Amino acid sequence: EGRMTLCFLPQSPYCPLGSLQDAVTYPHYSQSLPPGKLRSLLSVVELEDLLELDDGDTANVDVSERQNWDATLTLSQKQRLAIARLLYHKPRFGILDECTSTLSEDMIEKAYQMLTSAGVTVITVSHRPKHKRFHAEVLTLKGSGHWDKASIREDDLVPTPPATPRSLSSSS
């Protein structure tokens, strides 16, 4: 199959019932994804722990085991899994509709850098001015078919606050 043209990531991403591999390769079920590639994709979005068993043994992890990921994962984990999915598919365009609302500033920056490096043109739907720093232009939809497009200047950018430290006991 060729490269996807467009992927849409909503604030609350869809997680299909199926294997962890299915969750990453969705909507292309049954695509072969080598275990090392799956681990790599999950690692960059800090979800490698989904491969771990209670005893810490990853040698026998069955990534084909069916799971209800929608019920199992937190919203932050679902958002990071959707970013891994986008990195897997590398579409020409990725529309990110508030899909980073629960992520740390560090993870947001990392996600935008990885998507850009993967050749994905990112279109962000956001109410947060801080997302401007990842783009060259802003399109403002005014309703009734009216809109404005403007280049983003350095002095338009809102300073980014330092990342909030995460608790070591946090499961997300």
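The values are calculated or read from the model by the stated rules, or taken from the named source; none is laboratory data. Just so it is clear, the model here is predicted, and its values are computed rather than measured. Cβ placement follows ideal geometry from the backbone for every residue including glycine, while neighbour counts extend to all protein chains displayed. Heavy atoms of the whole protein, side chains included, go into the accessibility calculation; ligands, DNA and RNA do not. Shrake-Rupley method; radii C 1.70, N 1.55, O 1.52, S 1.80 Å.
Taking all protein chains together and a probe of 1.4 Å, list 93, 8 from the most accessible to the least accessible. The partial results should precede the final answer.
Values: 93 85, 8 115 Å².
I get 8, 93, largest accessible area first.
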Do the alpha carbons of any pairs in 78/149; 78/142; 37/110 sit beyond 29 Å of each other, and which pairs? 78/149; 78/142
Would you tally the net charge around residue 83, using a Cβ to Cβ cut-off of less than 11 Å, leaving residue 83 out, and scoring K and R as +1, D and E as -1? +3
Quick one: net charge around residue 114, please, counting Lys, Arg +1 and Asp, Glu -1 for every other residue with C-beta under 13 Å from its C-beta. +1
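Report the local net charge at residue 69: Lys and Arg +1, Asp and Glu -1, summed over other residues whose C-beta lies under 10 Å from its C-beta. All intermediate terms of the calculation are to be shown ahead of the outcome.
Details: positive: 66, 78; negative: 22, 70.
Neighbourhood net charge equals 0.
What part of the accessible area of the range 66-120, given as a whole %, is carbon or sulfur when the probe is 1.4 angstrom? Walk me through the numbers on the way to the answer.
Values: 970 of 2150 Å².
Carbon and sulfur atoms account for 45 percent of the accessible area of the range 66-120.
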